[in-house]
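To keep things clear, I will list the structure first and then write my remarks on it.
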Amino acid sequence: MNNIEQTLSIIKPDAVERNLDNEIKEIFKNKGFSILREKKIQIEKSEAEKFYKVHETKPFYNDLCSYLSSGPIVVMILEKNNAVLENRALMGSTNPKEAEEGTIRKKYGLSIDKNSVHGSDSIENAKIEIDFFFRD
Ligand code: CMP
């Protein structure tokens, strides 16, 4: 069934720093995702705090926001059938140590913080996150 969705993907500082962004983009394309828009940016910590607001009560919130703003990231709008779930499956578990073989986090992730990629966790959040980075 046709169920085209869009989701937000971020290639995080640890992966961009290791020049893995093009390799990771190829993985998405080879799995049938279209990259509708993309940009390489570095955000302020205050912007990271807004982006990750849903985690603001978590003990790791401060470190998470410092980390996301610590270096360049690549933000992308990905499109595919069932893009939200498909992207989450391709990324693998949040903790790379628990990520399944063949997933991006298993292959490239260094730790639960430096887990190389972020992806929206629901269709509703995908809309919010796409709007956050691509308002225009
Ligand atoms: P991400 O998918 O970007 O969403 C929130 C991020 O918080 C997550 O990936 C992890 O990199 C980071 N994080 C750090 N500690 C934890 C934790 N204990 N549980 C979940 N996420 C964590």
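The values are calculated or read from the model by the stated rules, or taken from the named source; none is laboratory data. Treat the numbers as computed from the prediction; the structure is a model and nothing was measured. Reconstructed Cβ throughout: ideal geometry from the backbone, glycine too, with neighbour counts over all protein chains shown. Remember, those area values only see protein heavy atoms, side chains included, never the ligands or the DNA or RNA. Shrake-Rupley method; radii C 1.70, N 1.55, O 1.52, S 1.80 Å.
Per-structure values
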| quantity | calculated |
| --- | --- |
| Given (1) surrounded by fewer than 18 Cβ atoms within 10 Å (Cβ to Cβ); (2) under 16 Å from the mean Cα position of the chain (by Cα); (3) over 19 Å from Phe133 (Cα atoms), index of the condition Lys97 fails | (2) |
| Residues located in the range 42-53, provided they are in contact with a helix residue (DSSP H, G or I) (Cβ under 8 Å, 6 or more places away or on another chain) and either farther than 19 Å from Ser120 by Cα or of a type outside the set (Ser, Thr, Tyr) (or both) | Ile43, Lys45, Ala48, Glu49, Lys50, Phe51 |
| Flag for Leu8 being closer than 20 Å to Ile104 by Cβ, open to solvent by 50 Å² or more (accessible area, probe 1.4 Å) and in contact (Cβ under 8 Å) with a residue 40 or more places away in the chain | no |
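This table checks each residue for (1) among the acidic types (Asp, Glu); (2) in contact with a Gly (Cβ under 7 Å, 6 or more places away or on another chain).
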{"residue": "Asn95", "(1), (2)": "no, no"}
{"residue": "Gly102", "(1), (2)": "no, no"}
{"residue": "Asp113", "(1), (2)": "yes, no"}
{"residue": "Ser116", "(1), (2)": "no, yes"}
{"residue": "Gly119", "(1), (2)": "no, no"}
{"residue": "Ile123", "(1), (2)": "no, no"}
{"residue": "Ile130", "(1), (2)": "no, no"}
{"residue": "Asp136", "(1), (2)": "yes, no"}
